[in-house]
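Single-structure report; data block below.
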Amino acid sequence: MRITAVEVYRKDLPLVSPFQHFASGHVRALEEVYVRLVTDAGVVGVGEARGNSHYLTGDSPDAVTAQILRHLAPALLGRDPRDLSACLDALGRTIVGVHGAMSAVDVALHDLVARAYGVPVYVLLGGAVRDDLPSNWSLWYGPPDEAARQAAWAVAAGFRSLKVRVGLEPFERDVERVRAVREAVGSEVGLAVDANMAWSARQAVRRIERLAPFGLDYVEQPVAYDDLDGLRYVTRHSDVPVMADESVRSVADVLEIARRRAADLVHLKLGKLGGIAGLRRAAAVAEAAGVGVMVGQTNEGALATAAAAHCAKAIPAAHLELYGAEGLATDPATGFALRSGAAVLREAPGLGVDLDLAALAPVGVVRADA
């Protein structure tokens, strides 16, 4: 079996309700890049990556597609995908730091290999460590009464863990919003906050102390992504566990956070870590260092979210964030869903996801005979 073509497609996925947080600005659609790997045996694999995650990875759709077509695709042509480690090594030696592009290709490669062997991707990764995949749910900015209403809806829908976005001034509005959510859902529902880099270190310590009485499981990324000294300061001076997200952009970042004891937990995402292989390496480093793990995603379509869910199935993570494909007006991928607050994977070879190519815009193709 040989890879004979790498096809790249684009599709913007409009959001029913646009979102924002401190770092993202307003996001009205997910600008997705899709990859399809074709073999001479008729087996194919598909992958997806978010193109407009500039605030997290520095990516843009044009950059991701160009990196795949110019650099990553040629590295795979003619290779047997079942030599998975060799293929991943070839990709890693081709271009540096293109995590979004790498993630799309890596996911497609894992999908292809799992389909070739007739097993789900999580089996390819070593098998399931959990039966269920309970996801959290995020509450975006809004008045306290609206946050409370959304929280009550989420709990009624089956979610048992909620995350409230904070970080826009005035801070008192954050306090009111978190209080309203806790009062709406009671004490049995898990609650966390995500500042998305909004605060200075000393400011974060003071503000976390104000929010702690509402019973927080963790506070996510209180300071700028590159301020590991500040992150460590917050972790040392906070009674609430601190999670790093934007600070985790590579496996090396996880190692450095663990070495400095800069955070209690790390939020691992495919787009930041170059795909499934990178996420698994990062999880292994965190586990060895005694740092807790959340397996999550960055608001992607069903295909990429399914890939994150397969990782979550095979990794002993403390927290899961797998709601990213919810709230889309349309999605060309089917076969993945959230039901009663949990991700549901279809028991089928590969990711268990079908991709409607007719709904996508072709961008380019690289062939072995080109």
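The values are calculated or read from the model by the stated rules, or taken from the named source; none is laboratory data. Since we're looking at a predicted model, the values are computed, not measured. With ideal geometry, Cβ positions are generated from the backbone for all residues, glycine too; neighbour counts draw on all protein chains shown. Surface accessibility is based on the protein's heavy atoms, side chains included, excluding ligands, DNA and RNA. Shrake-Rupley method; radii C 1.70, N 1.55, O 1.52, S 1.80 Å.
Are there GluC sites (Glu not before Pro) in the stretch 156-250 that DSSP puts in a loop and that have at most 16 other Cβ atoms within 10 Å, and which ones? Answer in residue order: Glu188.
Counting only protein heavy atoms and a 1.4 Å probe, the chain has 38 square angstrom of accessible area per residue.
Centre-to-centre, using Cα atoms only, the stretch 126-156 and the stretch 295-363 are separated by 16 Å.
Anisotropy class assigned to the stretch 271-370 is oblate, per the alpha carbon gyration tensor with a/c at or over the 1.5 cut-off and a/b no larger than b/c. 5 Å is the cut-off here: which amide hydrogens, built 1.01 Å from N in the peptide plane, fall below it relative to Leu351, excluding neighbours closer than 5 in sequence? Long-range HN contacts for Leu351: Val121.
Summary value for the chain: 22 percent relative contact order, contacts being C-alpha pairs under 8 angstrom separated by 6+ residues. Projecting the Cα positions of Ala101, Ala284, Phe336 onto the charge dipole of the chain (unit charges on Cβ atoms of Lys, Arg, Asp and Glu, taken about the Cα centre) puts Ala284 furthest along the positive direction. Across Val240, Val189, Val44, mean-square fluctuation computed from a Gaussian network of the chain (C-alpha pairs under 10 Å connected) peaks at Val189. The listed residues Val291, Val363, Val96 rank as Val96, Val363, Val291 when sorted by accessible area, largest first, using a 1.4 Å probe. Using just the helices of the chain, give the 222 nm mean residue ellipticity in deg cm²/dmol: DSSP H runs with n ≥ 4 each add -39,500 (n - 2.57), and the total is spread over all residues, rounded to 500. For the chain, the value works out to -10500 deg cm²/dmol.
Element breakdown for the stretch 194-256 at a 1.4 angstrom probe: carbon and sulfur atoms account for 46% of the accessible area. First check a/c for the chain, with a ≥ b ≥ c the square roots of the eigenvalues of its C-alpha gyration tensor; if it is under 1.5, answer rounded, and if not, answer prolate when a/b is larger than b/c or oblate otherwise. Here the chain falls in the prolate category.
Considering only alpha-carbon pairs that sit under 8 angstrom and 6 or more positions apart, the relative contact order computed for the stretch 145-252 is 24 percent.
Listed peptides 275-286, 104-115 appear in the order 104-115, 275-286 once ranked by packing, highest mean of other Cβ atoms within 10 Å at the front.
For Leu162, what residues show an amide H to amide H distance below 5 Å, using hydrogens built from the backbone and excluding near sequence neighbours? Placed amide hydrogens put Trp137, Gly190, Leu191, Ala192 under 5 Å from Leu162.
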